[in-house]
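First the structure, in the form of C-alpha cells, and then the observations on it.
The values are calculated or read from the model by the stated rules, or taken from the named source; none is laboratory data. Given the structure is predicted, the values throughout are model-derived calculations rather than measurements. Here the Cβ positions follow ideal geometry from the backbone for every residue, glycine too, while neighbour counts run over all protein chains shown.
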Amino acid sequence: MLPLKRSKINRFDIIVIAVLLVMALITVLILWRGDQVGLQVVTVSPAQAATDVSTRSQIKVTFDQAILAPETDQPLLTVSPSVSGTVRWDDKALSFTPALPLTSNTLYTITVTGDVTSQRGRPLKEAVSWQFQTGQPRLLYIAKDTAGNDQIFVIDPDGGEVVQLTQEIYGVFDYALAPDASTVAYSALREDGGSDLWATTPDGQTRYPLLTCPDAVCNGVAWQPNSDRLIYERRNMLVPGAAPGPPRLWWLNLANSETVAVFDDNQIIGYGATWAANGQWLSYIAPSSQGVQLFHVDDGRNFVIPSRLGGLAIWDPVGESLLVADIQPSAEGFAVHLLKASPVSGELVDISGDNQLVEDTSPTWSPDGQWIALTRKAAGASMGKQVWLMRSDGSEAHSLTDNTEIHHGLPAWSPDGRYLAFQQFPLRAIDAKPSIWLFDFETETMQQLVADGNRPAWIP
C-alpha cells in the first residue's frame, strides 16, 4: 500500500488565499457600513435656503440608491404649509408636484419621512428636512427694442425695474415658459425669414440654443409637464424667400437634442399644441378634422372636439377639462361660444349660454380653477372686446371693463389669483400701440403696467 502524499501549499496559494480573505472582509465591512449608514440623500430641489423660488417649482429629492415603492398609504414627503399634490418615485428620485401653484413670498418646510427604503433594503435612518422661500410673481411680455425688433422683457408689477431678457438681432416671434418656470423658450428670427429655438433663464443671465432649424421656421413651443421633452411647430421653407409650408408638430428631447415628427405620417398638419397639467393629454388644432384633436400619450386614446374657429384649447389647472371656442350659427347671425369638454367622456357643455349672441374668446382659468377670464363682445358688432369673468360652469358672468372703443385681449391670471393682466388697444387712436394693464381683485382697481407691450404671461 502506497503512502499518502501531503499536498503542499506554496507561497502563491498563500497569497491568493490572503487576498480572498481580505476581499471577503472588505465586503463584510462595506455591507455592515451600508446597513449602519443606510439610504443617503444626494440632492434636494429647490435647494436648502433657496430664495425667490418659483411657485410652480417641483419638489424633488435624489438618493444614492434606487428606492422601493411604499407598501402603505403613509406620505413619504410632507410640505408645510400644507399643499395638496402628487408624490412620485422613479429609480433614485422622489418628487412632489403641487396640484396648484405654491403661495408667493412664503417659507416652505419639506420633510422626507424615515419610511423611505432602498431596493437593497436600506432605510432612511432619520427624517430629512429643509426650507426654501418662494418669490414674488413677475410678468413676461414682448415689446420693441431700440432697433424696433420684438424682444422679451420682464417686469415686477410692484414697481420693480424692467429687464430685457433677449437681444436677438432680428427679434423674437413668440415664447413659452416652462412648467416649472425655470426656462423661457422662444423663437429667434433669422435674416432668411426662418427661425430657431433658443432658451433663456427668467433673469436673462443664461442664454443657449435649443434647436437650429435650417430652411425652416420653428416656433409654437409647448412644454410637456413633468418631462424633458417639448413639442414645437415646424414649417419647411422649400423655396428661399418664399412663404413657408404648412405647420407640422415635432418632438424635441431636451436631454439629447433629438427631434422627430410627432406622427408616423409626417405629412399630418397640426399646430397650437397645448398640454393638460398632468402631461398625459395633448391637444392640437387639426385642420383636416375641423376641430381640436385630443391624444393620450400613454394609451393612444384620441377624439376630436369640433371647432371651426381654429383657436387654442385651454386646459384647467388640474387637466380634467378644457375650453374650446367654436362658431354657433343662429337665425339672427352667428356667435362664438366657449365649450367645456371632458377628455375622459368627451362630453361638451356650452358655458357661454343658450341664445347668447356673443363672441367669447381668449379664455383662461384662475389658478384655483373656480373662475374663467375671457374677452367678449356682441356678435358681429364693430366694437372692442371687453374683459369678462364667469364661473367654471358659465354662471355669474360679468364684465371687468366697459370701454367699447378699446379692444382688450389675452387675459392672464397671476399665480396667486390677485391680479389679471391683459392687453388694451385703442381702436380710434392714430399710431396706437398695445399696452398692458392690471386689474387688482383686492382693491378692484385697474392700472397701466406697460405703455407699449403685448402678450403678457406670468413668471410665478
Practice prompt. For segment 172-189, enumerate the residues that are within 22 Å of the chain's Cα centre (by Cα) and either among the charged types (D, E, K, R) or not in a loop (DSSP other than H, G, I, E, B) (or both).
Written response: VAL172, PHE173, ASP174, TYR175, ALA176, LEU177, ASP180, VAL184, ALA185, TYR186, SER187, ALA188
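I'd like the residue in segment 428-451 that is hydrophobic (A, V, I, L, M, F, W, C) and loosely packed, with under 14 Cβ neighbours inside 10 Å and, out of all such residues, is modelled with the highest pLDDT. Explain how you work it out, then say what you get.
Restricting attention to segment 428-451, the residues satisfying the condition of being hydrophobic (A, V, I, L, M, F, W, C) are 429-430, 432, 436-439, 441, 446, 449-451.
So of that shortlist, the ones also loosely packed, with under 14 Cβ neighbours inside 10 Å come out as 429-430, 432, 451.
Details: ALA429: 87, ILE430: 88, ALA432: 90, ALA451: 93.
Checking each candidate, the answer is ALA451.
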Fill in: Residue count, segment 357-377 (criterion: modelled with pLDDT of 95 or more, outside any strand (DSSP E or B) and charged (D, E, K, R))
0
Worksheet item: From the list ALA397, ALA341, ALA373, which residue is hydrophobic (A, V, I, L, M, F, W, C) and within 15 Å of GLU320 (Cα to Cα)?
Response: ALA341
Worksheet item: So which residues in segment 263-289 are within 19 Å of PRO225 (Cβ to Cβ) and among the aromatic types (Phe, Trp, Tyr), if there are any at all?
Response: TRP275, TRP281, TYR284
Discussion item. I'd like the full set of residues that are under 23 Å from VAL42 (Cβ atoms), of a type outside the set (Phe, Trp, Tyr) and at pLDDT 85 or above, limited to segment 98-124.
Written reply: PRO98, THR109, ILE110, THR111, VAL112
Practice prompt. Would you check which residues across segment 236-259 are farther than 30 Å from ILE59 by Cα and touching a Phe, Trp or Tyr at 6+ places or on another chain (Cβ under 9 Å) and list them?
Written response: PRO246, PRO247, ARG248, LEU249
Fill in: Hey, SER399 in contact with a strand residue (DSSP E or B) (Cβ under 9 Å, 6 or more places away or on another chain) and touching a residue at least 40 places away in the same chain (Cβ under 8 Å) or not
no
Worksheet item: Which strands (runs of 3 or more DSSP E) does segment 228-305 wholly contain that include 1 or more residues that are free of Cβ contacts under 8 Å to residues at least 12 places away in the same chain and either within 29 Å of THR183 (Cβ to Cβ) or in contact with a Ser or Thr (Cβ under 9 Å, 6 or more places away or on another chain) (or both)?
Response: 259-261
Discussion item. When the residues of segment 193-207 are narrowed to those that are polar (S, T, N, Q) and at pLDDT below 95, which ends up surrounded by the most Cβ atoms within 10 Å (Cβ to Cβ)?
Written reply: THR201
Worksheet item: Among (1) crowded, with 20+ Cβ neighbours inside 10 Å; (2) within 30 Å of SER95 (Cα to Cα); (3) modelled with pLDDT of 95 or more, which single condition is TRP251 missing?
Response: (1)
Worksheet entry | 1 or more residues in contact with a Gly (Cβ under 9 Å, 6 or more places away or on another chain): qualifying strands (runs of 3 or more DSSP E) within segment 64-171 | 77-80, 93-98, 128-134, 138-144, 150-155, 162-164
Worksheet item: Pick from TRP371, TRP365, TRP413: which is hydrophobic (A, V, I, L, M, F, W, C) and free of Cβ contacts under 8 Å to residues at least 40 places away in the same chain?
Response: TRP371
Worksheet item: Taking segment 227-247, which residues are under 22 Å from the mean Cα position of the chain (by Cα) and either crowded, with 19+ Cβ neighbours inside 10 Å or closer than 15 Å to GLY193 by Cα (or both)?
Response: LEU230, ILE231, TYR232, GLU233, ARG234, PRO247
Worksheet item: Would a scan of segment 18-39 turn up a residue that is among the acidic types (Asp, Glu) and at pLDDT below 65?
Response: yes
Item to complete: Test ARG190 against the stated conditions and say whether it is surrounded by 14 or more Cβ atoms within 10 Å (Cβ to Cβ) and free of Cβ contacts under 8 Å to residues at least 24 places away in the same chain.
Response: yes
Worksheet item: When SER345 is evaluated against the numbered criteria (1) in a loop (DSSP other than H, G, I, E, B); (2) at positive phi, which criterion, by number, is the only one it fails?
Response: (2)
Worksheet, complete the sentence: In segment 378-393, anything part of a strand (DSSP E or B) and at pLDDT 95 or above is listed as GLN386, VAL387, TRP388, LEU389, MET390, ARG391
